[in-house]
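Colleague: Please see the structure below; I have some questions.
The values are calculated or read from the model by the stated rules, or taken from the named source; none is laboratory data. All of these numbers come straight from a predicted model, not from anything done at the bench. Neighbour counts are summed over all protein chains in view; Cβ atoms, including those assigned to glycine, are modelled from backbone coordinates with ideal geometry. All accessible areas refer to the heavy atoms of the entire protein, side chains included, with ligands and DNA or RNA removed. Shrake-Rupley method; radii C 1.70, N 1.55, O 1.52, S 1.80 Å.
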Amino acid sequence: MAAEGAGELIKMVALLGSAVVAVPLFKRLGLGSVLGYLAAGLVIGPFGLKLFDDPQAIIHIAELGVVMFLFIIGLEMNPSHLWALRRQIFGLGSLQVVLAAFMLTLVGIFGFDAPWQVAFVCASGFVLTSTAIVMQVLGERNELTSRGGQRMVSILLFEDLLIVPLLAIVSFLAPHDPAHAAEAGSVWVKLGTAALSVAVLVAAGLWLLNPLFRVLAKSKAREVMTAAALLVVLGAALLMEEGGLSMAMGAFVAGVLLSESSFRHQLEADIEPFRGLLLGLFFLGVGMALDLNVVAQNWKIIVSGVLALMAAKAAVIYFVARAAKSSRAEAAERAVMMAQGGEFAFVLFSAAFSQKVIDATVNANMTAIVVLSMALTPLFLILHGKYLAPRLKQKGSEREDDEIHEQKAVIVIGMGRFGQITTDILRMCGYPLTIIDKDPVMVDGMNKYGIKTYFGDASRPELLFTAGIEKAQLLVVAINDKEQTLHIVEFARKANPDIKIIARAYDRIHTFKLHRAGVEFAVRETFDSAVRTGRTALEVLGMEKGKADEISRFYFHRDRARVARMAPLYNPEDAIFQNEEMLNVAKQEDAETAAMMQALMRGEVVEWPDESEAAWPSENAAGEKAALLK
């Protein structure tokens, strides 16, 4: 008994020791942690020191590391963020998967003379990218929230959704066998079970999880909160696996449902240590699973298969990325990072083998091809970063959006001649700001001057989400592009219905459009200076300075109120001078304003316009200032 316990302890020490030695060494050599884990697994596995004889069992347990990683990603994506990525998930993801599956199937048929059924299954398995490798690399680079990182995450989420339909297709491709007839006929049952699992998980997330954590928080037992966090992750994973979906997808959905919980940060802190340890164990298991005997016996077909499949998949990914308007640098990096097969390929190949769609030789060869592609990816990334990336990122090429690590209550977009003055007033009064501009020269200059400014195109929803638009209290849009201003305002209003928006308006028509888009305060860029010019003109013509100031202030408030009243009458389908109703109101307003200003000149008392509904700061100005200064 003691000897058996010592044997298990030796295995545990070997696992930990190999990781502790290999990972720092490989990172010191610039090869990355993933390759370190893979090499360590190969050394201690069945084809190295033979300390382990069942790497698949380790991989199955260690897949929980991928599950926990997806849970943490879900915590960072609230439902509105996920909805904003829907086109990338289903549009970009489906385009890449369909084209890659078609291309790789052709490679199998014409390159390796395989039957189309076998070629399709092998291609479908290889299309499913390794979530573990991509997430690990993006996490190490702090690129999970970048524009390119979000696109890769979206594609990975779509690939996770494909598990059930691909397994169903395998059942249809299986040769006729009474033993499998019932299973092939139960495809609709599988789809219904999967949908039911998702519904149960969503219902539990909406109505059970937050009350549960509130009760546990009152107990003030930290270990119970940690246990509850693990229970949520593993329970969601188990539920989705029983429903025929991937465990990682279940954890991701659970994370999204808890993304707006007040316990989000504590959950992330509780899960993080387990996630890192299990993810490392997963890579160790993949390294152990590389069957060197199979590679030695079939090295020609395996090596050619790895190179052909990775090259074809990378070409498709690059093409799709460029078609989706990604830069050459971003498209190439995505192609290199996602060109490998993934852990879910093992599940698909195992199902295909059990249903006699592929034989044992094909299963062994494809498993080796997938493992080798995973092992080669870190090396290809190093070569890409050293030789290809610098050439693609030449001077004048598209610059990547900056990472926004801090989310402030006030977001300012645009640091031109208009935005700089607005920003100066706010920051000199002590308000913390998130400032975004897409002029690289301006961004670099402002950062050199000491004003933290992020480079990025704020018309991209993902950038606004990383800036914290869904939780910000004030958005100031100070750019001089009319259409982009409208686009940003419309998106911000949908993402955060409670946010206050101040937008720079080009003219009166643009002001009407901004009011319709949900702006509370549209500031015409030349209005203030024009009013000041009028006041100066009155003084030059001999009017007393105090009276000229009073009249100009009256006109300022009267015109602002007039524009707010006219905005609902604006119809973008009518030319400005063809909207009879609005013209009549404008003429009436002009006549009334002129009469009032004449009365002011005579020293009479007139009623000033009421802008209370549109004025800011509001009656709760003190409370709003305190919140913005946080």
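Colleague: Arranged from highest to lowest average of other beta-carbon atoms within 10 Å per residue, in what order do the peptides 346-356, 544-554 appear? Display every interim value, and only then the final one.
Modeller: Values: 346-356: 20.2, 544-554: 14.5.
So the peptides 346-356, 544-554, ranked by packing, come out 346-356, 544-554.
Colleague: Please work out how much length the chain gains when fully extended from Leu379 to Arg86, using 0.36 nm per residue of separation minus the C-alpha to C-alpha distance, in nm with one decimal. Write down the numbers at each step before the final one.
Modeller: Values: separation 293, 0.36 × 293 = 105.48 nm, distance 3.21 nm.
Full-extension gain reported as 102.3 nm.
Colleague: Let me ask something additional. How much of the calculated P(r) for the stretch 263-396 lies past 23 Å, in percent of all Cα pairs?
Modeller: On the way: 4345 of 8911 pairs.
Tail of P(r) above 23 Å: 49 percent of Cα pairs.
Colleague: Please report, largest first and rounded to whole Å, the three semi-axes of the ellipsoid equivalent to the stretch 425-551, where each semi-axis is the square root of five times an eigenvalue of the C-alpha gyration tensor. Display every interim value, and only then the final one.
Modeller: Values: eigenvalues 202, 74, 37 Å².
Each semi-axis is √(5λ); the values are 32, 19, 14 Å.
Colleague: May I pose another question? For His515, what accessible area in Å² do you get when you roll a 1.4 Å probe over the heavy atoms of the protein chains, rounding to the nearest 10?
Modeller: 60 Å²
Colleague: OK, next. Mind listing the phi-derived Karplus ³J(HN,Hα) values for the stretch 330-344, rounded to whole Hz, using 6.51, -1.76 and 1.60 with θ = phi - 60°, and x for any glycine or proline?
Modeller: Couplings: 5, 5, 5, 5, 5, 5, 5, 6, 10, 7, 8, x, x, 5, 6 Hz.
Colleague: Ignoring ligands and nucleic acids, what accessible area does Arg565 show with a 1.4 Å probe (Å², nearest 10)?
Modeller: 110 Å²
Colleague: A 30 angstrom limit on the alpha carbon distance is what I want to check against. Which of Lys408/Lys448; Lys11/Lys300; Lys482/Lys587 exceed it? Mind dumping the intermediate values first?
Modeller: Values: Lys408/Lys448 21 Å; Lys11/Lys300 34 Å; Lys482/Lys587 27 Å.
Result: Lys11/Lys300 exceed 30 Å.
Colleague: Could you state the per residue volume, in Å³, of the convex hull enclosing the Cα atoms of the stretch 424-475? Each step should come with its number before you reach the end.
Modeller: Working: hull volume 4.3 nm³, N = 52.
Cα-based convex hull of the stretch 424-475, divided per residue, equals 83 Å³.
Colleague: For the stretch 504-562, what is one quarter of the convex hull surface built on the Cα atoms, given in nm²?
Modeller: Details: hull surface 16.2 nm².
Mean orientational projected area (the stretch 504-562, Cα hull): 4.0 nm².
Colleague: Would you mind getting me the FRET efficiency between Asn298 and Lys11? Use the beta-carbon distance for r and R0 = 35 Å, nearest 0.05. Numbers along the way, then the final one.
Modeller: Numbers: r = 30 Å, r/R0 = 0.85.
So the FRET efficiency works out to roughly 0.75.
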